[in-house]
1. Report the per residue volume, in Å³, of the convex hull enclosing the C-alpha atoms of the stretch 47-132.
2. How high is the relative contact order of the stretch 86-178? Use alpha-carbon pairs under 8 Å, at least six apart in sequence, and give a whole percent.
3. Relative to the longest principal axis of the chain, what angle (0 to 90°, nearest 10) does the C-alpha long axis of helix 99-108 take?
4. Cα centroids of the stretch 120-188 and the stretch 80-100: how far apart, whole angstrom?
5. Between residue 161 and residue 4, what is the label-point separation in nm under the 7 Å Cα-to-beta-carbon projection?
6. Rounded to the nearest 20 Debye, what is the dipole magnitude of the stretch 130-175 about its Cα centre when Lys and Arg each give +1 and Asp and Glu each give -1 at the C-beta?
7. Would you mind computing, in nm to one decimal, how far apart the modelled labels at residue 151 and residue 60 are, each placed 7 Å from Cα along Cα→Cβ?
8. Show that you can apply the helix-only estimate: for the chain, add -39,500 (n - 2.57) for every DSSP H stretch of four or more residues, divide by all residues, and state [θ] at 222 nm to the nearest 500.
Amino acid sequence: RRLDELTGGGVHQGMLVRLRELESADLRAVAAAPGPSLAVLLDGITDPQNVGAILRTAVAAGVAAIVLPRRRGAQLTPGVHRASAGLSFLAPVASPQNLAQAVEILKENGFWVVAADTGDDAQPATEFDWPQKTALVIGGEAEGVSHLLRRESDFVVSIPMDARVESLNAGVACGVLCYLYRRQWALS
């Protein structure tokens, strides 16, 4: 009964842990590191399930940083931790003031910005020559990549799909793109 009270009726499976606030990854340090590097920027992704899936995939794929904006997106909440199967505690999450600031930091350190989006200028991600230092922008469930980040992007890639499928869930798309990058560049 006490666990039910403490969790507000949440699913606790007989266990409750009190944690200190997670430290944010230092995006400048990550960006300055030598060698192949993949940073994933989440642009307007509000669904905690998608954020959790992305964090889990990012840890599995060896992503150097996952950038969660302080506004316009899901934060690290119990739902995100649950959806990531706890891997959110291992994920190198950076939280700069905004995504434009993150893009600036990454570009200053030799990153190329690649937006996952559709359109006439989009290249098939399966044929794309991924830059060694890539900042991959994944757009929100409803709006996709914002106009600002689309404009800041050096490249636009799309995942080739059957014509009957309009789009993929953000978490699934991120996983596909992370592993296409990893196929070309070994990550540490």
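The values are calculated or read from the model by the stated rules, or taken from the named source; none is laboratory data. For clarity, every value in this text was computed on a predicted model and none was experimentally measured. Positions of Cβ are generated from backbone atoms using ideal geometry, with glycine treated the same way; all protein chains shown enter the neighbour counts. Just the protein is used for accessible areas: all its heavy atoms, side chains included, with ligands, DNA and RNA removed. Shrake-Rupley method; radii C 1.70, N 1.55, O 1.52, S 1.80 Å.
1. Dividing the Cα hull volume of the stretch 47-132 by its residue count gives 122 Å³.
2. About 32 percent, as a whole number.
3. Tilt relative to the chain: about 50 degrees.
4. With the stretch 120-188 and the stretch 80-100 each reduced to a Cα centre, they are spaced 19 Å.
5. With each label point 7 Å from Cα toward Cβ, the separation is 4.2 nm.
6. 140
7. 3.7
8. -9000 deg cm²/dmol
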